[in-house]
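Here's the structure we're looking at; comments come further down.
None of the figures in this text is laboratory data; all of them are computed from the coordinates on show. Please read these numbers as outputs of a predicted model, since none were measured by experiment. Cβ: placed from backbone, ideal geometry, glycine included. Neighbour counts: every protein chain shown.
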Amino acid sequence: MAEPPAEPPRPGGDPARARYWFIAGHRILGAVLVMLGMLAMEGALAWGRDLGKVLAAAGLVVFFLLPLVFARMWRSVPK
């Protein structure tokens, strides 16, 4: 009896690698938002202090919390 054909490789590549870079990209985005917020709060950017506070807070959430949410969402074994 013949063996079934092997699955063809996915066009997207390894999903774990894509997820890693997705999470890493969000960490970089969060760090950039925090830096832009700090610059705005210091007056180096003419965006206003309040917008700087919002950007810095959003950057902290994106840097620290969003990767945890994605990692939990993509966990292999549900807990």
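Extension gain, residue 66-residue 20: 0.36 nm per intervening residue step, less the Cα-Cα distance, totals 15.3 nm.
Structural size metrics of segment 30-73, computed from C-alpha coordinates, are Rg and Dmax of 11.8, 38 Å.
Legend: ranking of residues 41, 73 from fewest to most surrounding C-beta atoms inside 10 Å; resulting order 73, 41.
Take the Cα of residue 50, step 7 Å along the line toward its Cβ, and report every residue of segment 14-38 whose backbone nitrogen sits under 18 Å from that point. Within reach of a label on residue 50, which here means backbone N under 18 Å from a point 7 Å along Cα→Cβ, segment 14-38 contributes 37-38.
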